[in-house]
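In what follows, a single structure is set out as C-alpha cells and then discussed.
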C-alpha cells in the first residue's frame, strides 16, 4: 500500500475563469471585476484599525487588514445579508456594492475598501421599506432557500443602476456569474424584469 | 419520541437551563414574542403526537403558535403547512407563529424528507387544528350559552350566528391555558369545497426577510462567547493520521486550541478568519491508500462488488419473451456520482457546556440527530437538544448533520459555543454524495405494437446513510473512531421508480446493491427516481423508435390510470406535440447548424405519488456537442394543491436543477480523493444556460389527498432531454452528464 503523505495546502487558486456556453455573450454589462482578489500583501499585525463606511455609517474594525470584508461585515457588524458561499469568488453569495459596483466580499480584503462606500443588502431596504428590486423579488416570490438571493439582488441592483432597461440577454449575461442551486433562475429573471419595468416611472432606487 | 414522565421533568429543567436561548435569542420566527414563547414553554408537556397542547398554543393576546416537527428546507413547506392549520382553525395564516424542528419543543414528525411534509406532516397538523377548533367551539358554547351548531368562527373570533355581540376571541377562551385534550381524530374536518386558504396562492412567509438580510439562517446564529472552529481534513475518511505539529499554529493570533481525537483534527480560534488561517496552516500528515477506481472502471467495479440481487418486480416471463422476440433491443445507461451542492456550505453552532448540549443545525431531522450527537459526546440523549435553524437548500442528506457533529465535538473540547462553517472544499469533498448507478435494459416490441418484453438490471450504492445511534455515521464520529460506519444498506431509495407504472405483460426488474464503496453516498433529491427514470424513459423512447411508434402513443398503450393519461394529454397540448417518429433527417436545422429536437417522458413519482409528464425542446450543435434546453413543458398532478404558486416554484426549481444534473454534473475524483472541490470542478447550470421558458400545467384534484411535490418533477427531465437530443440528431446519449464531449461521441457512434 503506497504511503502517500499529504500536507495541508491551499488547493485552489481563486477562480479567474468562468465556464461559458457557446452562446454566452460577452460580459459587457460591467465585466467581472468584482471577482478579482484584493488582498494586501503585508502580513504583520498593523497598529491602526481600518475604517470602513458601510450603509452610510463609519466603523473602525478590529480585524487584520487582510481579513475578507465578508467576515468583517458578518461577524463585526452583524450584517447577515452577505453570505459565505465559496470563499473563492465563484458563486456570488457574498456580493456587496463597493462605490456602486458589485464586489465579492469573500475575496476582498477589508483594507481594500477603506475610504470607499460599501452597501449591503440591508442598506438597500428593509422588510417594511424594501428597495424596488427587493419588492420585485417578493412580488415574484423569487426565492426558495434564499441563500443566494443576497448576491442576486446586489448584482441585479448594480445592473439596473447602470442599465435601467436591460434586455433579457443583458440580465442573463450580468447574472451569469452568480449561482443558484434551487433553480429559482426563471423567477429571478422575472423579478429583475419587473423591477426594470417599474423603474420607468423613476429611478430603480438608491445607487451604491 | 420522548413521552415518559422523566423526560418531561428533564425537559423542563433543560429548558430552564437554556432559558437564555429561548427568551433572549432571536432565533424564533418573526411574530413570536418572548412573552408568548415563555408562556408556551411553560404550558408544554413533553411533545406527544396525541396531545393537542404539543401542537398548538394560543396566547392571551390571541397569538397562535404552532409547534411543527417538519421543517422549512426552502421549499415553502412552512407556508403550506400554515395554510392547512389556518384553514382548519379559521385564523388568518399571518396570525400564526411557527416553531419548527426542535427536539425538545416539537413533536417528532419524522425527518423532513421524501416529499412527505404536506402529505403526512400536513395531515397531522390538520387533525390537530381541527381538534383545537372543536375544543374552542365547545368552550365558547358553554360560555356563550349557545349550541355549537349556532356558532361560527371568523379569524380567531367565535360568535353566535346572527348575534355578533355575543363573541369571544380564541385568547379569551383558552389564552395562556392548556387544552388538556387528546387528538381524537373525530373532530370534523372541512370539506375541500369550503376551503378559503388551502388551494389559494399565499406568499411565502419568510421571503420578505430573506430578500432583506433579516432571515436567520443557521449560518447567522451567534451566541454570547461564541468562537469559531474548523476541521482539518484528511484526504479521505479512512486515512491514517501520522502526525500533527501543533507548533505550526502556535504563534498565530487567536488560536484557542488544536483539538485531536483519534484522526479527528480541528482548530478553534476567537475569530472566524483566524480559524480559517489556522486550519490551513496546521501541519498535519496523513497516509491513505489509492483505493478509488479510475472513472472509466467505476461501473465495472460496481458489478464486481455486487454479490446479491433483489427482484423489485416481476410479471409474466420476461426472459422467454425476450428470447423469442424478433428484434430485441439492449441498452446500457450510466449515471455519475452527484453532489447536493448547496450554495451555502454546511454550518452549525454547538454549545456544549457541563452536562447540557444545544446544537443549532439545518438538519432534516432534529429529533433524529440527538442520538448520534449524544453518542459522539458521550452524553445521555435527554441532555442533548437540537434546534433546527434553516440552512442553505439541502436537497437531501448533505453535510448538515456532519457539521453539527464537528461543532459539538469542538465545543465540548473548549467549553464554549463553537460555530463551524464548512469551506467549499469541505462541502464538495465530504458531503454524502448522490450515488452513481449503472443500468442494463433489454426489451422488445411485438407485432401488435405493444411491449412484449422488458428487463431492467441496476447496480447502485446505498441511497440512505442517515445518522443513527452509531456516532460513526457522522463524519466527526468516523474520524474519532478511525473508520466510517458502513451501516445497513438501504435499498429502497435506489429502487424508487425502478419499476415503471406501465402495464407490461412480461417484465423483470432486478436491483443489484453495491454494499460498500469507498465513496460515501446517501440521499439526494429523488433518490433513485431520477436515475431510474432516465434509464426507463430513455429505453421506452428507444423501443418507440425501433417500432416506429410515436413516443407518447407507445406509453398510452401501456397506461390506463386516467390521471396518468390526463397529465400526458395536458403536456402534449401545452407543448403542441404532433405525433412523430423521431427521424433526425427530418428535424429542423437552423442556418448556424443547430439542430432542434423535442423529447417526452412520463413518471409517476415513487409509483404512487405525483404524476408528471414533460416535453423538452433542445438545440444541439453537432460541431461542438453543446446542448441547450430551450423550453420545458410540464404537467403535474399532486392531488389537492395547497399553495399553487409554491407548487409552481417547486416545479420550476426541479426542472432547472434537473437540467443542471443532466447536462453538467458529475463528481470528479482521482484514486485518492474527490477532486472537484470548487465550482469549476463541479459546475452547475448558469443563467446563460437556463431555458427560455418553463410552461407548467398544474392539475388540481381537491377530492384527492395531497402528495408531495418537492422531488417529483426532477424525474422525467433527464430522459426528456436525452430523447430530445436523439430527436434532433439521431444520437442516443446514454451517460449523464451530457457534456459536449459525450454528445460528440454519441454523434460519431450514431453515424457508424
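A short reminder: the numbers here are calculations on the coordinates, not readings from a lab. Keep in mind that this is a model prediction, so the values were computed, not measured. As a convention, Cβ positions derive from the backbone with ideal geometry for all residues, glycine included, and neighbour counts pool all protein chains shown.
Can you give the calculated 222 nm mean residue ellipticity of chain B, where each DSSP H run of n ≥ 4 adds -39,500 (n - 2.57) and the sum is split over every residue, rounded to the nearest 500 deg cm²/dmol?
-9000 deg cm²/dmol
So what is Rg over Rh here for the stretch B:308-365, counting just Cα atoms and using Kirkwood for Rh?
1.38
Rounded to a whole number of µm²/s, how large is the Stokes-Einstein D of the stretch A:50-103 at 37 °C and 0.692 mPa s, given Rh as the Kirkwood radius over C-alpha pairs? Numbers along the way, then the final one.
Numbers: Rh = 11.7 Å.
For the chosen part, D equals 280 µm²/s.
Using R₀ = 56 Å, calculate the FRET efficiency as 1/(1 + (r/R₀)^6) where r is the Cβ-Cβ separation of residue A:117 and residue B:631; round to 0.05. The partial results should precede the final answer.
Working: r = 42 Å, r/R0 = 0.76.
Computed FRET efficiency for residue A:117 and residue B:631 comes out at 0.85.
Average projected area of the Cα convex hull of the stretch B:370-446, in nm²?
For the Cα atoms of the stretch B:370-446, the hull's average projected area reads 9.0 nm².
What average count of beta carbons from other chains do you get within 10 Å of the Cβ of residues in B:276-287?
Per residue, the number of nearby Cβ atoms from other chains is 3 on average.
Compute the separation of the alpha-carbon centres of the stretch B:161-204 and the stretch B:103-138 and state it in Å as a whole number.
14 Å
Restricting to the protein assembly as shown, what percent of DSSP beta bridges are antiparallel, rounded to 5?
75 percent
Report the equivalent ellipsoid semi-axes for the stretch B:91-144 in whole Å, largest first, defined as the square roots of five times the eigenvalues of the gyration tensor built from alpha carbon atoms.
27, 13, 11
Size of the stretch B:260-403 along its principal axes in angstrom, Cα-based, largest extent first?
The Cα atoms of the stretch B:260-403 stretch 73, 38, 29 Å along the principal axes, largest first.
How big is the stretch B:174-333 along each principal axis, measuring the range of its Cα positions in Å and listing the largest first?
73, 66, 35
Limiting things to C-alpha atoms, what are the Rg and the maximum Cα-Cα separation (Dmax) for chain B, in angstroms?
Cα radius of gyration and Dmax of chain B are 27.5, 87 Å respectively.
Report, for chain B, the % of DSSP beta bridges that are antiparallel, rounded to 5.
75 percent
Just how many % of Cα pairs in the stretch B:48-187 lie over 23 Å apart, if you round to the nearest whole percent?
31 percent
Apply the Kirkwood formula to the stretch A:70-173: the hydrodynamic radius equals the inverse of the mean of 1/r over all pairs of different alpha-carbon atoms; give it in Å with one decimal.
Hydrodynamic radius (Kirkwood, Cα only) of the stretch A:70-173 equals 14.1 Å.
From the C-alpha coordinates alone, can you work out the Kirkwood hydrodynamic radius of the stretch B:260-299, in Å?
Kirkwood hydrodynamic radius for the stretch B:260-299: 13.1 Å.
Enumerate the whole-percent occupancy of each 10 Å bin, from 0 to the last occupied one, for all C-alpha pair distances of the protein assembly as shown.
Per 10 Å bin, starting at 0, the Cα pair percentages come out as 2, 12, 21, 24, 21, 13, 5, 1, 0.
Return the ratio Rg/(2.2 N^0.38 Å) for the stretch A:120-195, where Rg is computed over Cα atoms only.
0.98
Pop out the Kirkwood hydrodynamic radius of the stretch B:629-752 from its pairwise C-alpha distances, inverse of mean 1/r, in Å to one decimal.
16.3 Å is the Kirkwood radius here.
The stretch B:374-502: D in µm²/s via Stokes-Einstein (Kirkwood Rh, Cα pairs, 20 °C, 1.002 mPa s)?
120 µm²/s
Tell me the Rg and the Dmax, in Å, that the Cα atoms of the stretch B:570-703 produce.
17.5, 54
Just report the Cα centroid separation between the stretch B:585-659 and the stretch B:249-279, whole Å.
Computed from Cα coordinates, the inter-centre distance equals 47 Å.
Tell me, rounded to the nearest percent, the portion of alpha carbon pairs in the stretch B:142-260 spaced more than 22 Å apart.
70 percent
With the cut-off at 14 Å, report for the stretch B:132-206 the share of all Cα pairs above it, as a whole percent. Kindly include the intermediate steps, with their values, before the conclusion.
On the way: 1833 of 2775 pairs.
Counting pairs separated by more than 14 Å, the tail of P(r) holds 66 percent.
Using the C-alpha atoms of the stretch B:506-566, what convex hull volume per residue, in cubic angstrom, is computed?
135 Å³
With a Cα-only, solvent-free Debye model of the stretch B:407-477, what are the log10 I(q)/I(0) values at q = 0.21, 0.22 Å⁻¹?
Debye output, listed in q order: -1.05, -1.09.
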